[in-house]
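Notes for the one structure printed next.
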Amino acid sequence: MTGQDYLIEKKPIYALSLFALPIIIGNLFQQAYTMADSAIVGRFVSEGALAAVGASYSLTNVFICVAMGGGIGSSVLVSHYFGAKEYGKMKQAAYTALLSFLVVSILLGLFGLAASRPIMTLLNTPADVLDMAAQYLSIYFLGLPFLFMYNVLSAMFNALGKSRIPLGFLIFSSLFNIALDVFLVRNLQMGVAGAAWATLIAQGISAVFSFLVFLRVLRKIGGETEGLFNLRELRTMSGIALPSILQQSTVSIGMMLVQSVVNSFGSQALAGYSAAARVENICIVPMSGIGNALSSYTAQNLGAGKPERVKEGLRAGFGFVVIFAVINCVVLQIFHTQIAGLFLGADGTEVALSTATDCLSFMSWFYCLIGFKMSSDGVLRGSGDMRWFTVANLVNLSLRVILSVTLAPRFGIFMVWCTVPLGWAANWAISYARYRTGHWRERMEPKKSL
């Protein structure tokens, strides 16, 4: 067994933990600098600045999720070829994905620059933070190609079982971003623009170095490729990547609609909700890492003709989910007030603080649901069974959006987060039911003949 074959050779619980842990740690560092953006502008600029960054996040998250969905979706094919030891096809698929998403990121960046302010206006962004939000977004979209390349490259490294490499870049990027945040926002007093420039610079440097290291890794793997782009590989990849992008982006668009409901409660409630959302992103990181690890694990094992290992892997994934969910619950139940205060500072209003603490204390009980959902989703995505994967996530989205939009204006902002566990539970029920049929084992078989 070589070092790159452990996902298809080692005991599933060990293979998953070895592979998922660097992903989880890396994503924690990635979330750390998004939290730093919010915490630093909230404490050193104003509560309004925190609200502006939070309002911007609903739009930027759409583009982040397109990048992540595309990276994860396209890496399934790369991982499958890698498990089947078809290294020439694997390299061509990787190059095709990188070139395609570079073009997509440039086009989306131009769209974001042109449409961000009108979209923020349509989302009922409070007038007192609209200018700051627009300023943040205009800088953010300049760096969108770096964001896309960074996320796609990270997914490619994971597909090859080398999750430690993006971990190193994430740690560097996160620490560098936080240092730049402090320098530009506090020392140079650049406000939300400083936070945006810090993110762009840190991601840009990491994207460039990730690309150089990725080329070096590919050179060490055998197999010759015919050119840097293949339309047939793009079509095959799109069949997996597009549903993943659709799922990721439609959920984000749905959250934009939910954000518009939150915005209608004013900038103070928006600031509190933004703080809670940042903490929620941290809590979800281990669940997302397990789901992403299961995607590559499933694809490699199906490529190697070992579908029975996938069942053991999913059981191990569920076990990890329970452990992380208990930790989340205990920490948030005890420290939700102190955690919210890290973002809002001494000048935070009572409305902002109560919004954040209410959301955190309620959500702490339900993170196991999103963990189970992401694990089951990971198996379906890794096997290429994207139809039911998409159905499950669209049901999740629809429940959250419809219930939030209809109930929150009548019963209060509390209903925004009350609807979240319902969506997660419905998503898991559908994904897991599909997994139990066993049909997912057949989905990747045709790709062996490509």
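The values are calculated or read from the model by the stated rules, or taken from the named source; none is laboratory data. These numbers come from a predicted model, not from an experiment. Cβ placement follows ideal geometry from the backbone for every residue including glycine, while neighbour counts extend to all protein chains displayed. The accessibility values were calculated without ligands, DNA or RNA, using every heavy atom of the protein model including side chains. Shrake-Rupley method; radii C 1.70, N 1.55, O 1.52, S 1.80 Å.
A few comments on the model shown:
- Among the residues of the stretch 184-198, at least one is among the aromatic types (Phe, Trp, Tyr), at pLDDT 85 or above and buried (at least 19 other Cβ atoms within 10 Å of the Cβ).
- Residue match in the stretch 214-236 (condition: outside any loop (DSSP other than H, G, I, E, B), buried (at least 22 other Cβ atoms within 10 Å of the Cβ) and under 18 Å from the mean Cα position of the chain (by Cα)): no
- Residue within the stretch 9-18 that is touching a Leu at 6+ places or on another chain (Cβ under 6 Å), assigned to a helix (DSSP H, G or I), at pLDDT 75 or above and surrounded by 17 or more Cβ atoms within 10 Å (Cβ to Cβ) present: yes
- Checklist (1) surrounded by 22 or more Cβ atoms within 10 Å (Cβ to Cβ); (2) more than 18 Å from residue 292 (Cα to Cα) applied to residue 382, failing item: (2)
- Within the stretch 120-179, being of a type in the set (Val, Ile, Thr), open to solvent by less than 10 Å² (accessible area, probe 1.4 Å) and within 30 Å of residue 303 (Cα to Cα) holds for one residue alone: 152.
- One residue from 148, 169, 183, 157 being free of Cβ contacts under 8 Å to residues at least 24 places away in the same chain and part of a helix (DSSP H, G or I): 183
- If you check 324, 320, 265 for being in contact (Cβ under 8 Å) with a residue 40 or more places away in the chain and in a loop (DSSP other than H, G, I, E, B), only one passes: 265.
- Among the residues listed as 252, 173, 163, 244, the single one being out of contact with any strand residue (DSSP E or B) (no Cβ under 6 Å at 6 or more places or on another chain) and modelled with pLDDT of 80 or more: 173
- Test result for residue 91, part of a helix (DSSP H, G or I) and more than 22 Å from the chain's Cα centre (by Cα): yes
- Residue 281, sole failed condition from (1) in a helix (DSSP H, G or I); (2) open to solvent by 40 Å² or more (accessible area, probe 1.4 Å): (2)
- Only one of the numbered conditions (1) without any contact (Cβ under 8 Å) to a residue 40 or more places away in the chain; (2) part of a helix (DSSP H, G or I) is not met by residue 189, and that is (2).
Rundown of residues vs (1) in contact (Cβ under 8 Å) with a residue 60 or more places away in the chain; (2) under 24 Å from residue 425 (Cα atoms); (3) touching a Gly at 6+ places or on another chain (Cβ under 7 Å), yes/no style:
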site: 331; (1), (2), (3): no, yes, no
site: 339; (1), (2), (3): yes, no, no
site: 351; (1), (2), (3): yes, no, yes
site: 365; (1), (2), (3): no, yes, no
site: 368; (1), (2), (3): no, yes, no
site: 378; (1), (2), (3): yes, yes, yes
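- From the options 327, 290, 323, residue that is closer than 30 Å to residue 83 by Cβ, open to solvent by 10 Å² or more (accessible area, probe 1.4 Å) and under 23 Å from the mean Cα position of the chain (by Cα): 323
- Pairs are defined by a Cβ separation below 8 Å, a sequence spacing of at least 6 or placement on different chains, a first member in the stretch 38-55 that is within 13 Å of residue 130 (Cα to Cα), and a second member that is open to solvent by 10 Å² or more (accessible area, probe 1.4 Å) and outside any helix (DSSP H, G or I); the pairs so defined are 49/191; 51/126; 55/123; 55/125; 55/126.
- Some residue of the stretch 351-358 being at pLDDT below 90, more than 30 Å from residue 303 (Cβ to Cβ), touching an Asp or Glu at 6+ places or on another chain (Cβ under 9 Å) and open to solvent by 30 Å² or more (accessible area, probe 1.4 Å): no
- Qualifying positions in the stretch 395-417 - out of contact with any Ser or Thr (no Cβ under 6 Å at 6 or more places or on another chain) and crowded, with 18+ Cβ neighbours inside 10 Å: 396, 399, 401, 408, 413, 417
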